[in-house]
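A short reminder: the numbers here are calculations on the coordinates, not readings from a lab. All figures in this text were calculated on a predicted structure; none of them were measured in a lab. Every residue, glycine as well, gets a Cβ built from its backbone with ideal geometry; the counts of neighbours run over all protein chains shown.
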Amino acid sequence: MALFDKTKNGGGSYAQVDERLTHIAFILDGNGRWAKKRGLPREFGHTEGAKAFKRIVRYCGDIGIKVVTVYAFSTENWSRPKNEIDRIISLLEEYIKGAEDELEENRIRYTFLGDKSVFSESMADRMRRLEEISAHYELRLNIALNYGSRAEIVRAASELASSGEPVTEKSISEHLYTAGCPDPDLIVRTANERRLSNFLLWQAAYSELYFTPTLWPDMQPSDVDAAVADFYARERRYGGVTQP
Ligand code: FPP
């Protein structure tokens with residue numbers, strides 16, 4: 001389906017965002033609870049979560065958001081039961097294959113945030129290939145996989161130390177996985193949890209945070225509308241003061 005197919009945006013009603021909202025990031029939470037509420041194994045929640053992911057990314061494109069980042073799998077998530085990890089990885093693998101097939105239709109630039117070396121050779125190759133062949137598109141989708149923000153900052157610092165480059169805010173930003181991306185304007189976390197859980201700690205310095213009780217698999221365009229409306233009702237001062 002085309003990214004900008006307005007007839008299929010799932011009931012969202014937002015017209016278009018402006019330059020104040022360039023980058024929105026999502027912490028996907030509540031897949032397990034969604035399944036548990038229905039007496040289903042947790043894996044079912046992830047399958048529905050993957051559908052919600054596609055729906056929400058498409059809608060963000062529809063309303064003109066230029067960069068979307070999702071926290072799909074953290075470095076801590078490896079401690080989950082094997083069958084759950086296997087389901088998440090296979091959903092991701094399937095998604096990556098599909099993204100390559102639909103690249104010309106969707107016109108998205110994909111970037112994977114995190115250490116790819118832990119994945120199978122074939123999955124890591126697919127991730128790298130998708131990054132390469134999509135690099136010329138303007139709309140960006142960052143998928144955090146095997147990602148942890150502190151490790152990302154340590155990696156940036158050690159790259160700077162070994163290259164001898166001066167350590168500045170700019171040089172650190174340029175050595176993060178998100179290099180070249182604007183910082184998130186808005187970070188949305190679902191399922192009533194109110195913390196960042198080692199996600200984009202450096203990049204979130206001035207992000208607005210929005211928490212919703214909606215479980216991730218239930219996320220609809222109308223929930224994005226609510227987050228966007230809340231964002232626009234805020235005043236961002238970046239540590240300054242409002243002029244009278
Ligand atoms: C958090 O819910 C969700 C995850 C740790 C995994 C998210 C992964 C997917 C939705 C599949 C990825 C697929 C694509 C295509 C991006 P939780 O399991 O922690 O929920 P709980 O807190 O209710 O247990």
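HN-Hα J couplings of the stretch 200-205 from phi, Karplus 6.51/-1.76/1.60, θ = phi - 60°, integer Hz, Gly and Pro as x?
Values per residue, Gly and Pro as x: 6, 4, 5, 5, 8, 3 Hz.
Size of the dipole of the stretch 158-226 about the Cα centre, Lys and Arg at +1 and Asp and Glu at -1 on the beta carbon, nothing else charged, in debye to 20?
220 debye
Using DSSP to define loop residues, name the chymotrypsin sites (Phe, Trp or Tyr not before Pro) in the stretch 163-237 whose beta-carbon has at most 14 other beta-carbon atoms within 10 Å.
Qualifying residues, ordered by number: Tyr206.
How large is ³J(HN,Hα) for each residue in the stretch 87-102, as worked out from phi by the Karplus curve 6.51 cos²θ - 1.76 cosθ + 1.60 (θ = phi - 60°), to whole Hz, x for Gly and Pro?
Computed from phi, the couplings for the stretch 87-102 are 5, 4, 5, 5, 5, 5, 4, 4, 4, 5, 4, x, 5, 5, 4, 9 Hz.
Please rank Glu152, Glu93, fewest neighbouring Cβ atoms within 10 Å first, as an exposure proxy.
Fewest to most other Cβ atoms nearby, the residues stand as Glu93, Glu152.
Where does the chain land at 222 nm, in deg cm²/dmol rounded to the nearest 500, when only DSSP H runs of n ≥ 4 count, each adding -39500 (n - 2.57), divided by all residues?
Rounded to the nearest 500, it is -12500 deg cm²/dmol.
Would you work out which of Ala156, Ala52, Ile96 lies farthest towards the positive end of the dipole of the chain, given +1 charges on the beta-carbon of Lys and Arg and -1 on that of Asp and Glu, about the Cα centre?
Ala52
Charges on Cβ only, +1 for Lys and Arg, -1 for Asp and Glu, centred on the Cα centroid of the chain; of Pro41, Leu113, Tyr147, which one is farthest towards the dipole's positive end?
Going by the Cα projections, it comes out as Pro41.
Using only Cα atoms, what Kirkwood radius does the stretch 28-139 have, in angstroms?
Over the stretch 28-139, the inverse of the mean reciprocal pair distance is 15.1 Å.
Grab the Cα-Cα distance for Thr242 and Ile85, subtract it from 0.36 nm times how many residues apart they are, and report the gain in nm with one decimal.
Roughly 51.8 nm would be gained on extension.
Quick check: pseudo-label points 7 Å beyond the Cα along Cα→Cβ at Glu19 and Asp225, how many nm apart are they?
Result: 2.8 nm between the two label points.
Taking springs between alpha-carbon atoms closer than 10 angstrom, which of His23, His46, His136 fluctuates most in the Gaussian network model of the chain?
Judging by the Gaussian network model, the answer is His136.
Holding the Cα-Cα limit at 29 Å, pick out from Lys51/Lys116; Lys82/Lys170; Lys97/Lys170 the pairs that are longer than that.
Among Lys51/Lys116; Lys82/Lys170; Lys97/Lys170, the Cα-Cα distance tops 29 Å for Lys82/Lys170; Lys97/Lys170.
Among Phe44, Phe26, Phe112, which comes first, then next, by fewest other beta-carbon atoms within 10 Å?
Phe44, Phe112, Phe26
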